[in-house]
1. Using a Cα-Cα cut-off of under 28 Å, which lysines could be cross-linked to residue 377, ignoring same-chain neighbours fewer than 8 residues away?
2. Let me know the shape class of the stretch 129-240, please: from the alpha-carbon gyration tensor, a ≥ b ≥ c as square roots of the eigenvalues, rounded when a/c is under 1.5, otherwise prolate if a/b is greater than b/c, or oblate.
3. Which of 258, 301, 148 moves the most in a Gaussian network model of the chain with Cα springs under 10 Å?
4. The stretch 288-424: Rg/Rh from Cα coordinates, Kirkwood Rh?
5. Using a 1.4 angstrom probe on the protein heavy atoms only, line up 219, 286 by accessible area, largest first.
6. Could you give the dipole magnitude of the chain about its Cα centre, charging the beta-carbon of Lys and Arg +1 and that of Asp and Glu -1, in debye to the nearest 20?
7. So how tilted is helix 222-235 from the main axis of the chain? Cα-based, degrees 0 to 90, rounded to 10.
8. Test of understanding: in a Gaussian network model of the chain with alpha carbons linked when under 10 Å, which of 352, 241, 331 would top the mean-square fluctuation ranking?
Amino acid sequence: MLPIRQHFPDHRIPDVADAVQRQLRGSGFSSRLKPGARVALGVGSRGIANIATIVRSVVDYWKAQGAHPFIFPAMGSHGAATAEGQADVLAHYGIHEATMGCPVLSSLEVVSLGKTADGIEAFMDRNAYQSDGVMMIGRVKWHTDFAGKIESGLFKMMAIGLGKFAGAQRYHTYAYKLGLEHVIRSVGRQVLGSGKILGGLAILEDANHNTGQVAAVPVEDMERKEEELLALVKSWKGRVPMPLDILILDEIGKNVSGAGMDTKVVNRDVYGDSNPWVDEPRIERVFVRDLSSHSYGNAVGLGMADVIHDRLLEKVDWNATWINSLTASTPTAIRTPIHFPTDRECLARIAPTVGRLDLSEVKYGWIKNSLELGALKLSENLRDEIRNNPMLEILGPAEQLDFDEAGNLGGVSVEADKAEALSS
């Protein structure tokens, strides 16, 4: 395997907290409320870079305007669909009262906001509804289940996140027939019609998982602006650089992607199809080695793998996993794949299934997870393709896979970073 650095354009913001403050000061959000107002800040469950810094900066902004902000989880059925579980998810991202300087109110109670034209009843977190105004803080990104002009972002957060378990379950059921983008738009408009939403702070990340842009989005322009921001962030998207026979991932997890691993990176979908995304490199087999500790047992996405290590199964909280999967109407995404007790056996068993009689011709790629694609390893038989790709840099000589005595590997990103340090 060759250690590789994939060079993506760097869009990182030098001072994230300052960028948030500047965006909010120019937003006019505070003019919508009187001094002393209670402002509800909706925060989700994804592994967003600098999320604690961003949320704290929003809290500081509202305090400076004389408001009384509080944070609430806007994450549908995540955290095992319990108030305590959702508060714990935020706390593990560094978002709790001691660090944020304001209360965190977690509850699954909701208020009905009436029905859409399709008969979909919309809901809002009760604590948020009882505030003087609600502001969403979320990342705008492509969705793992579908492609559209609005995918993951503020609108989805207003619909599925704000709706808690009660709303998320209904919305995904309707989406099975109507399509998720249609449901997100129609429920989002119903939520906007409540008059409670002040606007949102959209977070965009570049392919290096850096905060590339923060944008204050006014309520009256939210739908159009989100379409614009999604188009921009899609242009920054990182991907596996070429077709592969076997893609090795060190980990999956809810902190990495809503589907555990980004379907548009691994070229799978949550309904069981392989290589459904025609614009992405073809991946014949996916091997997943572990579950991220920051997923807290939620192993949604393991069903998209072709083979997994036993260590992943041992870490699964099946209650949290099946609640999330069934709420999203994606039971295929949590089916248990073939599994073996060592990395060596997983690779040895799956390699003969990719259609190559000479196993030395099998083309391998190895990444930490589907979010971190800058440091990777590629098999030496891809050297010519690597050299023809100006975004790829070979950091050192090819090395055999380093199995320990138990037949297991280390981590790819650490080894690739070491190679980069040596080469520089």
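The values are calculated or read from the model by the stated rules, or taken from the named source; none is laboratory data. Quantities reported herein were computed from a predicted structural model and do not represent experimental measurements. Cβ: placed from backbone, ideal geometry, glycine included. Neighbour counts: every protein chain shown. Remember, those area values only see protein heavy atoms, side chains included, never the ligands or the DNA or RNA. Shrake-Rupley method; radii C 1.70, N 1.55, O 1.52, S 1.80 Å.
1. Counting by Cα, and skipping residues close in sequence, residue 377 has these lysines nearby: 141, 234, 237, 254, 264, 315, 363, 368, 418.
2. On the way: a/c = 1.97, a/b = 1.23, b/c = 1.60.
It comes out oblate by the Cα gyration axes.
3. Its mean-square fluctuation being the largest, the pick is 148.
4. Working: Rg = 16.9 Å, Rh = 16.8 Å.
Across the stretch 288-424, the Cα-based Rg/Rh ratio is 1.00.
5. So, going from the largest accessible area down, we get 219, 286.
6. Details: 45 positive and 53 negative charges, 316 e Å.
Once rounded to the nearest 20, the dipole reads 1520 debye.
7. Taking Cα atoms only, the helix is inclined about 20 degrees.
8. Evaluated over the chain, the most mobile residue of the options is 352.
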